[in-house]
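Novice: First the structure, which I've put down as structure tokens, then a few questions once you've had a look.
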Amino acid sequence: MPGPEENSYASKLAQQAQSKADLSYSYWAAGQAQGTSSVQEKKLTAEELEEQAKREKAANAKGVSVWNQAGTFEERDCTAYAKEELKRLMDNFQHESAAGCLQISELTSVEGEATVWLVRGSRRAGFDLTIEAAWTFSARGNDASAQGSLKVPGITPDDLDELGDMMEVTVKTTGSMQEPQLRKHVRGCAEVFAERLSKLHGLLKQR
């Protein structure tokens, strides 16, 4: 039975699909159908296998499944791909400011879901991710440095402008710097962080 966090992910992703795709009740009803029917197995002839291969090739060229060649609606789970791409996009992440340099030293956790929808021939993508990372901050003009972690809970493409407000910052060592200032410096990377997530969104749309 899905937990509250899984239900939250599913709810947010459904909103991203429905708000942009103008979905009808028929799609919702199809998604709720739970009945199954027995299908008798049939060995395909050589001609039928050849025709099936042609249909698969044509469907792949259009980026749709064989069963959905009209491209009305299709949903694909791209969570594993999104996690790997995000790790790549966050590699060598740093943000320079007048105060110093903030670096993301490690992406420690990425949880959530990423989905691509094909809606009436048009690709749409969304994600709902909780991201945790370790950071280091080196002050400009002296040898002071600090370390800590950050967390961005439940971020979606629609939330990128508010990423700085959503970011939870933990300071582990201050390096003789003031903790409130350190939190401010870390949140200062929000714009760059959001740009990386925006790139991820664009990559998902190309899947």
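Novice: Restricting attention to segment 170-182, which residues are crowded, with 16+ Cβ neighbours inside 10 Å and modelled with pLDDT under 95?
Specialist: Scanning segment 170-182 gives THR174, GLY175, MET177, LEU182.
Novice: Continuing with this model, one more query. Report yes if some residue within segment 116-129 is within 24 Å of LYS205 (Cβ to Cβ), free of Cβ contacts under 8 Å to residues at least 40 places away in the same chain, assigned to a strand (DSSP E or B) and not polar (S, T, N, Q); otherwise report no.
Specialist: Scanning segment 116-129, I find no residue that is within 24 Å of LYS205 (Cβ to Cβ), free of Cβ contacts under 8 Å to residues at least 40 places away in the same chain, assigned to a strand (DSSP E or B) and not polar (S, T, N, Q), so the answer is no.
Novice: So ALA139 passes all but one of these: (1) surrounded by fewer than 15 Cβ atoms within 10 Å (Cβ to Cβ); (2) under 16 Å from HIS185 (Cα atoms); (3) not hydroxyl-bearing (Ser, Thr, Tyr). Which condition number does it fail?
Specialist: (1)
Novice: If you don't mind, there's one more thing I want to ask. Taking the conditions exactly as written (under 18 Å from the mean Cα position of the chain (by Cα), acidic (Asp, Glu), within 30 Å of GLU74 (Cα to Cα) and loosely packed, with under 13 Cβ neighbours inside 10 Å), does ASP161 satisfy them or not?
Specialist: For ASP161, the condition - under 18 Å from the mean Cα position of the chain (by Cα), acidic (Asp, Glu), within 30 Å of GLU74 (Cα to Cα) and loosely packed, with under 13 Cβ neighbours inside 10 Å - is met.
One line per residue, one yes/no per condition, for (1) within 20 Å of LEU89 (Cα to Cα); (2) modelled with pLDDT under 95; (3) β-branched (Val, Ile, Thr):
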residue: VAL119; (1), (2), (3): no, yes, yes
residue: SER122; (1), (2), (3): no, yes, no
residue: PHE127; (1), (2), (3): yes, no, no
residue: GLU132; (1), (2), (3): yes, no, no
residue: PHE137; (1), (2), (3): yes, no, no
residue: ASP159; (1), (2), (3): yes, no, no
residue: GLU168; (1), (2), (3): no, no, no
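Novice: Name the single residue that is farthest from the chain's Cα centre (by Cα) among those in segment 111-136 being surrounded by 19 or more Cβ atoms within 10 Å (Cβ to Cβ) and aliphatic (A, V, I, L, M).
Specialist: Top of the filtered list is VAL119.
The values are calculated or read from the model by the stated rules, or taken from the named source; none is laboratory data. Not measured: the values here are computed from a predicted model. Here Cβ is always computed from backbone atoms with ideal geometry, including for glycine, and neighbour counts include all displayed protein chains.
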